[in-house]
Amino acid sequence: MNESKLKYASMIALLAVLVILSFTLIKIRRTENEMDVLTQLLAPVKQQITPSSVIGYDSNLPGDRERAVYFRTVSVLSPSLVVEAPGYDTLLTVTDPSLPEKSYDNYRSIQQGEYKSLSYRLFVSKK
Amino acid sequence: MAVILSLIDILILCMGLFTLAHQLSPATRPGLKGLIAFITCLSLISYFYYLSLVFHIGFYSLLGGIALLNVLHLRWSFPLTRRLIGTIRPALGGFLGSKIFLALSLSVLVLTVFFSLVVERWGGWDAWAIWSLHAKFLYYPNSWDHLFTNKIAFTHPDYPLMLPSVIAFWWRSIGAISPMVPALIAWVVLITIPLVVFMTLLRGKLNLVALASLGIFVASINYSYLASSQYADTLLSLFILVAFVLYREVDDTQANLIYFVGFAAASAAWIKNEGELFYAAFTFAIICFHLRTPALWLKYFVGSLLPLAVLASFKLSYAPPNDLLHSGRSESIKYLLMAAPRYWLIIKMMTLEFLKGYAIIGVLIVVALVNKLYFFRSFPFVALSTVLAGYFFVYVITPNDLAWHISSTADRILHQLFPATIFLLLNRLMDLSKPAIARSSPPL
């Protein structure tokens, strides 16, 4: 192959790289995963709490799914801290509405919502 | 607006760093100077962004500061920069019509196709649960230090911040938290590694070994898959590779390259905690191999200063204690060190992981040994075996379940060393073209 043919072949390959990369980035932008579901679901919570807030978290989801949803909730609500431990004045629950719900006698619900297969409730301590 | 300013800033910063590399080491090839500029620029974005958070400097002030730095440097060295660009342009014309460029373009195409097939929005588990999550904290200049608490220990808040700070820098530039930024960074790193190995092995002309290096990376599904997952391990593997590539070039005419060797090796410590181990092992090897040349050490440590200062500020002022080495574990560490079955389990699982994803390294080692190309007393062998010994020790004393710890990390640990090992072995195999008498001395 002479120099100009090599140059054209390389340019076509690089053009293909640009096209594929652009489509890939568009795909990444448009697809929706559980992080996006939680971003939609918890948008009102993000407005309700301040960046310096530290809130408790609980869920009725089983095993591994509970881990994934909790980690994603932390990500969605950052830089506020969402801690999976009892005793905080504010408590967020992210639940599957089809599963039995836990009761929180020491808290009262101030906000709730549902999106796709998940729902949330924001509680404050009765104290 | 900010994104245009950022792009201009970074472009000019890269040009300035290219000129700086030329000023410090004029004999170095333009491709290596470009690599130095790229790596240093990437690291500086991270250091500057982190320091802007620490010192409460606004984002536009940061961009203004980088622009000021660029202006000062260009005012001092603009004629040289212009001359360098003038010399590169004609060479670039010939390069674009060469077989070398075609091989590069096709490899980038194949890697990009694979990337587009496997890349996920927000990346793999560790990408969104650790790296992008840290970046989300760093995106908020008034609340970024909330990250550093063990209340969210799952995200490992003690991990260094190069990748998160680079992601956060670009998020601030575009004014939004977008999953496209970490994906694009992952793609850049994915294609940079094979290009660095290939260009370094070329030695002026297209050869079989350089082509083999491209073939290995393109055919290694494990490499492409992990690189597309948006974890920091591939970025770390790039810095480890660059440290060895630059060190290999250090000689009497390019003695000042050792500044950049120190910078790249120490910057690896700002990517992951494993990078700290790498820096320690690499420095140990530098000292062992250059006992009688303290001037070289001095330059190496001067190059390491900025990365080490930033790392020290992070580890001493912000990072919560590491679960591996926190105080109060001395008794349990003594017990774990005496548990012989752990050693056997580590050897067994690491070997299986090696054979599963990195057998090509074994093949290259056998080819080198069959051809009597020994490397056991070489600098890279000492540095890399010290790193591996360090990983082994970490597994022995891990507080986590050992089998789980190995199965969830061994693949990535080998991935971190994979590009450098491929480069070093292929570089050694290139000696096959030399006369037998010249092969006996180990490289570096």
Margin query: Being within 25 Å of A:LYS102 (Cβ to Cβ), open to solvent by 40 Å² or more (accessible area, probe 1.4 Å) and either in the same structural domain as A:GLU114 (by TED's automatic domain parsing) or not in a helix (DSSP H, G or I) (or both) narrows it down to one residue among A:PRO51, A:PRO86; which is it?
Written below: A:PRO86
Notebook entry, point to check: List, please: which pairs have Cβ atoms under 8 Å, are six or more places apart or on different chains, and start with a residue in the stretch A:57-85 that is more than 8 Å from chain B (Cβ to nearest Cβ) and end with one that is part of a loop (DSSP other than H, G, I, E, B) and surrounded by 20 or more Cβ atoms within 10 Å (Cβ to Cβ)?
Noted result: A:THR73/A:LEU42; A:VAL76/A:LEU42; A:LEU77/A:LEU42
Next item on the list: Run A:VAL45 past the list (1) more than 9 Å from every other protein chain (Cβ to nearest Cβ); (2) closer than 26 Å to B:SER178 by Cα; (3) open to solvent by 50 Å² or more (accessible area, probe 1.4 Å) and report the number of the one that doesn't hold.
Entry: (3)
Checklist line | Subset of the stretch B:113-130 (residues that are outside any loop (DSSP other than H, G, I, E, B) and either more than 16 Å from A:VAL76 (Cβ to Cβ) or facing chain A (nearest Cβ under 9 Å) (or both)) | finding: B:VAL113, B:PHE114, B:PHE115, B:SER116, B:LEU117, B:VAL118, B:TRP125, B:ASP126, B:TRP128, B:ALA129
Next item on the list: Working carefully through the options A:ARG121, A:ARG108, find the one that is closer than 24 Å to B:HIS146 by Cα, in a strand (DSSP E or B) and open to solvent by 50 Å² or more (accessible area, probe 1.4 Å).
Entry: A:ARG121
Item checked: Options B:PHE278, B:PHE314; residue that is of a type in the set (A, V, I, L, M, F, W, C) and closer than 30 Å to B:ILE422 by Cα -> B:PHE278
Notebook entry, point to check: Pick from the stretch A:7-24 the residues that are within 22 Å of B:GLY97 (Cβ to Cβ) and within 7 Å of chain B (Cβ to nearest Cβ): which of them is surrounded by the most Cβ atoms within 10 Å (Cβ to Cβ)?
Noted result: A:SER10
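Residues are listed down the side, and each one gets a yes or a no for (1) in a helix (DSSP H, G or I); (2) open to solvent by less than 60 Å² (accessible area, probe 1.4 Å); (3) touching a Pro at 6+ places or on another chain (Cβ under 6 Å); (4) under 23 Å from B:LEU202 (Cβ atoms):
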position	(1), (2), (3), (4)
B:ASP9	yes, yes, no, no
B:GLY31	yes, yes, no, yes
B:ALA37	yes, yes, no, yes
B:THR40	yes, yes, no, yes
B:PHE48	yes, yes, no, no
B:SER61	yes, no, no, no
B:ILE66	yes, yes, no, no
B:TRP76	yes, no, no, no
B:ARG83	yes, no, no, no
Note to self: Anything in the stretch B:57-82 that is in contact with a helix residue (DSSP H, G or I) (Cβ under 8 Å, 6 or more places away or on another chain) and of a type in the set (Phe, Trp, Tyr)? List them, or say none.
What the structure shows: B:PHE59, B:TYR60
Check: Inside the stretch B:299-371, counting only helices (runs of 4 or more DSSP H) that do not spill past its ends, which hold 2 or more residues that are touching a Ser or Thr at 6+ places or on another chain (Cβ under 8 Å) and basic (Lys, Arg)?
Finding: none
Next item on the list: Return a yes/no flag: does the stretch A:25-33 have any residue that is free of Cβ contacts under 8 Å to residues at least 60 places away in the same chain, under 30 Å from B:SER107 (Cα atoms), open to solvent by less than 70 Å² (accessible area, probe 1.4 Å) and assigned to a helix (DSSP H, G or I).
Entry: yes
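The values are calculated or read from the model by the stated rules, or taken from the named source; none is laboratory data. Note that this is a predicted model, so its numbers are computed, not measured. With ideal geometry, Cβ positions are generated from the backbone for all residues, glycine too; neighbour counts draw on all protein chains shown. We work out accessible area using only protein heavy atoms, side chains counted, and drop any ligands, DNA or RNA first. Shrake-Rupley method; radii C 1.70, N 1.55, O 1.52, S 1.80 Å.
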